[in-house]
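The values are calculated or read from the model by the stated rules, or taken from the named source; none is laboratory data. Given the structure is predicted, the values throughout are model-derived calculations rather than measurements. Every residue, glycine among them, receives a Cβ derived from its backbone with ideal geometry; neighbour counts consider all protein chains shown. The protein model used for the area step is the full one, side chains on, heavy atoms only, and it has no ligands, DNA or RNA in it. Shrake-Rupley method; radii C 1.70, N 1.55, O 1.52, S 1.80 Å.
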Amino acid sequence: MSKLQGKRIAFVATDGFEDSELTSPWAAVTAAGASAVMLAPAAGSITGKNGHEQPVDHVLGQVSADSFDALVLPGGVVNADHLRMDSEAVAFARDMFAEHKPAGVICHGGWLLVEAGVVDGRRMTSYPSLQTDLRNAGADWVDEEVVVDQGLVSSRTPDDLPAFNAKLVEEIGEGEHERQHA
């Protein structure tokens with residue numbers, strides 16, 4: 001049996017996501033036996049900045065955090081900027097943290113977590129241009145390939161995807177983390 005058999009992973013993104021930051025973690029969790037589910041602000045499909053089209057499985061606001069075992073937030077400046085202004089995306093991320101679910105965030109995806117108010121006191125990394133935003137929101141920002149803090153896995157860029165994917169699968173496999181909270 002695969003390490004993540006029976007787990008449902010919520011990927012939250014919209015148009016403008018960094019293609020590899022969606023497709024690579026998606027492949028990693030599904031290869032480990034999980035079911036990956038695409039959530040977005042609107043129905044249909046979303047398109048990455050390099051052209052990858054991803055069908056949307058569910059519209060944010062029509063699903064709840066208790067239906068999923070983990071959260072993944074791909075980066076991409078346009079994607080992250082739009083999601084942090086979407087109240088349903090912010091609420092979903094906050095709810096996932098309130099339920100102590102593991103979460104993976106890469107590159108600019110951290111903007112949504114800042115807006116959700118879940119980074120205070122957390123050690124994490126991101127694309128370097130987000131470090132001031134994360135620090136201002138209370139995070140202990142570090143410049144490392146991958147950082148794990150009580151179920152929150154963060155990385156900087158597509159170059160970090162191998163390390164990010166490995167830690168993401170590990171943390172999802174561990175399940176809920178008591179110190180993962182909103």
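Numbers below:
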| quantity | calculated |
| --- | --- |
| Options 63, 78: the member that is of a type in the set (Val, Ile, Thr) and within 21 Å of residue 29 (Cα to Cα) | 63 |
| Conditions (1) in contact (Cβ under 8 Å) with a residue 24 or more places away in the chain; (2) open to solvent by 50 Å² or more (accessible area, probe 1.4 Å): number failed by residue 55 | (1) |
| Residue count for segment 47-68, restricted to those that are of a type in the set (Asp, Glu) and over 20 Å from residue 172 (Cβ atoms) | 1 |
| The one condition in (1) buried (at least 22 other Cβ atoms within 10 Å of the Cβ); (2) more than 14 Å from the chain's Cα centre (by Cα) that residue 50 fails to fulfil | (1) |
